[in-house]
Amino acid sequence: MKDILEILQERILVLDGAMGTMLQRYGFTEDDFRGERFKDWPQPLQGNNDLLSLTQPEAIATVHAKYLEAGADIIETNTFSATTIAMADYKMEELVYELNFESAKIAKRVADEYTAKNPNKPRFVVGSIGPTNKTASMSPDVNDPGYRAISFDELRIAYRQQVEALLDGGVDLLLVETIFDTLNAKAALFAIEEVKEERNIEVPIMVSGTITDASGRTLSGQNAEAFLISISHIPILSVGFNCALGASQLLPHLEVLSSRTDFAISAHPNAGLPNAFGEYDETPEQMALQIKEYLEKGLVNIVGGCCGTTPEHIKAMVELVKDYKPRKSVITA
């Protein structure tokens, strides 16, 4: 089977869409989140989507299958918040290894089923590593600007636990995503490099930041070029942006990345900007039309969807990318 580096040079790859958007359709209750195993857990658990890999594994597998059926080449594990830092809200820190391991196994099993159906279109699983709910660069307290809720070392240790479990569960790649604070991302990348060195392995790494508003900067204040420079010392597969903005708003920032690096470029924007109810209204056709501009300008190697996107959005992208060549500057090692 060809590895992902080879395939990236031949065609544009498609990442899946939103896991949360799909899970909302199930209308899971507090009891559904708890399942039998956690029925007496002292904390409310509704909204802990990562936990569903343990309590509703078939729903997670079904969502993965729907994205693969739509034609996605890469699916993300259901582990966006599966660190001890984020799981502390639910007092579930001790479950972090199991959450990541089981999520990776579910995704890998479904991906392998689709690869077996069509070996000419191998499917890959990327371990989703979210930003956590704390920031190492800024104070959460306006009255104490020197205060930090988390340290680099605490982040490194937490990310390391997540990375080890994802790799043990069988992921093909790792994705440090929705980066609003580059210092958090550096801790994740440092942890990944530690694990790679200890295990004497290579694993492709995707890095995806998030531009938070019209200023064109991340929450920690970097523009696209500064963000790129900050993470370019690591041997990564791709760099890009996801979340916060719709496809059209992301375009100028992708142009900056594309003109300044040999890494592959990824983009998985939201389905437009949220409406007054926090919902996303952009149809698959509308989103594809905007993604088309990325392709016409030769900006990307990987496209997919974030908040509000569904298998229908991904299917529209799959149909679209067939007619375009990938961006030329792709790393070969």
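Out of the residues in the stretch 192-230 meeting the condition of being of a type in the set (D, E, K, R) and assigned to a loop (DSSP other than H, G, I, E, B), tell me which one is farthest from PHE241 (Cα to Cα).
GLU202
Kindly establish whether ILE201 is out of contact with any strand residue (DSSP E or B) (no Cβ under 6 Å at 6 or more places or on another chain), β-branched (Val, Ile, Thr), at pLDDT 95 or above and surrounded by fewer than 15 Cβ atoms within 10 Å (Cβ to Cβ).
yes
Quick one: in the stretch 156-198, of everything that is of a type in the set (Gly, Ala, Ser) and surrounded by 19 or more Cβ atoms within 10 Å (Cβ to Cβ), which residue is nearest to ASN100 (Cα to Cα)?
Applying the filter and picking the extreme gives ALA165.
Within the set of pairs 6 or more residues apart or between chains, which connect a residue that is charged (D, E, K, R) and surrounded by fewer than 13 Cβ atoms within 10 Å (Cβ to Cβ) inside the stretch 140-151 to a residue that is at pLDDT below 70 and part of a loop (DSSP other than H, G, I, E, B) with Cβ atoms less than 7 Å apart?
ASP141/TYR147
Starting from residues that are within 30 Å of ASN301 (Cα to Cα) and among the aliphatic types (A, V, I, L, M), keep the ones in the stretch 66-96 and report whichever is surrounded by the fewest Cβ atoms within 10 Å (Cβ to Cβ).
We begin by selecting, within the stretch 66-96, every residue within 30 Å of ASN301 (Cα to Cα); these are 66-83.
Then drop every residue that is not among the aliphatic types (A, V, I, L, M), which leaves 68, 70, 72, 74-75, 82.
Working: LEU68: 24, ALA70: 21, ALA72: 27, ILE74: 24, ILE75: 29, ALA82: 34.
Of everything passing the filter in the stretch 66-96, ALA70 is surrounded by the fewest Cβ atoms within 10 Å (Cβ to Cβ).
Looking only at the stretch 269-311, which residues are under 24 Å from GLU69 (Cβ atoms), touching a Phe, Trp or Tyr at 6+ places or on another chain (Cβ under 8 Å) and modelled with pLDDT of 95 or more?
Residues satisfying the conditions are LEU295, VAL300, VAL303, THR309, PRO311.
Which numbered condition trips up ASP50, out of (1) of a type in the set (D, E, K, R); (2) assigned to a helix (DSSP H, G or I); (3) farther than 30 Å from SER238 by Cα; (4) in contact (Cβ under 8 Å) with a residue 12 or more places away in the chain?
Among (1) of a type in the set (D, E, K, R); (2) assigned to a helix (DSSP H, G or I); (3) farther than 30 Å from SER238 by Cα; (4) in contact (Cβ under 8 Å) with a residue 12 or more places away in the chain, ASP50 violates only (3).
When the residues of the stretch 204-231 are filtered to those that are in contact with a Lys or Arg (Cβ under 9 Å, 6 or more places away or on another chain), surrounded by fewer than 17 Cβ atoms within 10 Å (Cβ to Cβ) and not hydrophobic (A, V, I, L, M, F, W, C), which remaining residue is nearest to PRO274 (Cα to Cα)?
Looking at the filtered set, the residue picked out is ASN223.
Scan the stretch 31-51 for residues that are more than 16 Å from ALA88 (Cα to Cα), surrounded by 12 or more Cβ atoms within 10 Å (Cβ to Cβ), of a type outside the set (Gly, Ala, Ser) and out of contact with any Phe, Trp or Tyr (no Cβ under 7 Å at 6 or more places or on another chain) and jot them down. If you could, list the steps in order and put the result at the bottom.
Step one: filter the stretch 31-51 for residues more than 16 Å from ALA88 (Cα to Cα), giving 31-37, 39-40.
Within this subset, residues satisfying the condition of being surrounded by 12 or more Cβ atoms within 10 Å (Cβ to Cβ) are 31-35.
Filter once more, so that each one left must be of a type outside the set (Gly, Ala, Ser): 31-34.
If the condition is that a residue be more than 16 Å from ALA88 (Cα to Cα), surrounded by 12 or more Cβ atoms within 10 Å (Cβ to Cβ), of a type outside the set (Gly, Ala, Ser) and out of contact with any Phe, Trp or Tyr (no Cβ under 7 Å at 6 or more places or on another chain), then ASP31, ASP32, PHE33 are the ones that fit.
Scan the stretch 97-108 for residues that are surrounded by fewer than 20 Cβ atoms within 10 Å (Cβ to Cβ) and among the charged types (D, E, K, R) and jot them down.
GLU98, LYS105
Can you name every residue in the stretch 252-275 that is among the hydrophobic types (A, V, I, L, M, F, W, C) and either surrounded by fewer than 21 Cβ atoms within 10 Å (Cβ to Cβ) or out of contact with any strand residue (DSSP E or B) (no Cβ under 9 Å at 6 or more places or on another chain) (or both)?
Within the stretch 252-275, VAL256, LEU273 meet the criteria.
The values are calculated or read from the model by the stated rules, or taken from the named source; none is laboratory data. Only a predicted model underlies this, so the values are computations on that prediction, with no experimental measurement involved. Every residue, glycine as well, gets a Cβ built from its backbone with ideal geometry; the counts of neighbours run over all protein chains shown.
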